[in-house]
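Participant: The structure that follows is given in the form of structure tokens.
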Amino acid sequence: MRARRLVALAAAATLGLAACSSGGGDDDTDAGAGGDATETSGGAEGTIRIGIKFDQPGLGFQDGSDYTGFDVDVARYVADALGYGEDQIEWVQAPSAQRENLLQNGQVDMIFATYSITDKRKEVVSFAGPYFVAGQDLLVAADDDSISGPEDLEGKNLCSVTGSTSAQRIKDEYAAGTNLLEQPGYAQCVTALISGAVDAVTTDDIILAGLAAVPANEGKVKVVGNPFSEENYGVGLPKDSDQCEAINEAITTMVEDGTWQELLDANVGASGYEPNADLNPPEPDACA
């Protein structure tokens, strides 16, 4: 059964993070699928190039030739619905700053990479979905009950990555006395949190949940669970793509057959994170 196969892949992915929580290589963009061609090939011909993050545990993560995470498993499900088997997927690294260029230049066919749907982005690319609604939240020490929202960060130390606007937003809109610490990546922010150098880390809640689900971090940190923004994660497509309707149908089926919840649990369930139930799972928007 397709759903069971994907959940098995996701479960294996979660276990695999124990050995690679410090990050994987970024020079291999070919999927290293197991099994023989009759099991991993679909009905469509050729390959499909899918952009994902390579450095977000629980969402999009590369460890050698293995690709894991919720975004990755949703992409596998959608690709399967479009007729592409595992060995027909070419995984392409899609850093945030390069996503529009990758689609516009024809380097990928679609992107699943915590890609928020915005009006500005829709001027140059198209979207299917959303398939998940995230929100900015906080990661704190597992035994810290003093922080329940951004207002509680007054006088406390907050970490985010260099170039991100999320920490500055808290300082500007919620707690002017917050002390900001920037790190090159979120893994370094979590290290600072566990060591006590900072009191909280901020970005989208599911990204924080993926970090909390890394075996080395389990039981040491927790997502506060009080999101204060709304980020609709969509499937990025080239402007001239004709795949939106088919992708939306696949997302709807994925929710209805229970696979959406199974994949979410398998990839970030260890963190104890529960998404905003008022917004998740979402219904895909009508295609433009």
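The values are calculated or read from the model by the stated rules, or taken from the named source; none is laboratory data. Model, not experiment: these values are computed from the prediction. Here Cβ is always computed from backbone atoms with ideal geometry, including for glycine, and neighbour counts include all displayed protein chains. Side chains included, ligands, DNA and RNA excluded: accessible areas come from the protein's heavy atoms. Shrake-Rupley method; radii C 1.70, N 1.55, O 1.52, S 1.80 Å.
Participant: Considering every residue within the stretch 89-99, establish whether at least one is open to solvent by less than 20 Å² (accessible area, probe 1.4 Å), part of a loop (DSSP other than H, G, I, E, B) and at negative phi.
Facilitator: Yes: one or more hits.
Residues are listed down the side, and each one gets a yes or a no for (1) closer than 30 Å to Glu245 by Cβ; (2) exposed (fewer than 15 other Cβ atoms within 10 Å of the Cβ); (3) in the same structural domain as Asp71 (by the TED database):
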| position | (1), (2), (3) |
| --- | --- |
| Tyr115 | yes, no, yes |
| Asp143 | no, yes, no |
| Glu151 | no, yes, no |
| Glu154 | no, yes, no |
| Val161 | no, no, no |
| Ala167 | no, no, no |
| Ala187 | no, no, no |
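Participant: Can you confirm whether Gln62 is farther than 30 Å from Thr178 by Cβ, assigned to a strand (DSSP E or B) and out of contact with any strand residue (DSSP E or B) (no Cβ under 6 Å at 6 or more places or on another chain)? Even if it seems obvious, please write down each step before you answer.
Facilitator: Working: farther than 30 Å from Thr178 by Cβ: yes; assigned to a strand (DSSP E or B): yes; out of contact with any strand residue (DSSP E or B) (no Cβ under 6 Å at 6 or more places or on another chain): yes.
Judged against the criteria, Gln62 is a match.
Participant: When only residues in the stretch 248-276 that are in a helix (DSSP H, G or I) and hydroxyl-bearing (Ser, Thr, Tyr) count, which is modelled with the lowest pLDDT?
Facilitator: Just the residues of the stretch 248-276 that are in a helix (DSSP H, G or I), to begin with: 248-256, 259-271.
Of the ones still in play, those that are also hydroxyl-bearing (Ser, Thr, Tyr) are 252-253, 259, 271.
Details: Thr252: 98, Thr253: 98, Thr259: 98, Ser271: 93.
Of everything passing the filter in the stretch 248-276, Ser271 is modelled with the lowest pLDDT.
Participant: Additional query: Would you check if Ala175 is in contact with an Asp or Glu (Cβ under 9 Å, 6 or more places away or on another chain), within 21 Å of Ala213 (Cα to Cα), open to solvent by less than 50 Å² (accessible area, probe 1.4 Å) and at pLDDT 95 or above?
Facilitator: Numbers: in contact with an Asp or Glu (Cβ under 9 Å, 6 or more places away or on another chain): yes; within 21 Å of Ala213 (Cα to Cα): no; open to solvent by less than 50 Å² (accessible area, probe 1.4 Å): yes; at pLDDT 95 or above: yes.
For Ala175, the condition - in contact with an Asp or Glu (Cβ under 9 Å, 6 or more places away or on another chain), within 21 Å of Ala213 (Cα to Cα), open to solvent by less than 50 Å² (accessible area, probe 1.4 Å) and at pLDDT 95 or above - is not met.
Participant: Could I ask something else about it? In the stretch 144-187, what residues are touching a residue at least 24 places away in the same chain (Cβ under 8 Å), under 20 Å from Ile206 (Cα atoms) and outside any loop (DSSP other than H, G, I, E, B)?
Facilitator: Pro150, Leu158, Cys159, Ser160, Val161, Ser166, Ala167, Arg169, Ile170, Gln183, Tyr186, Ala187
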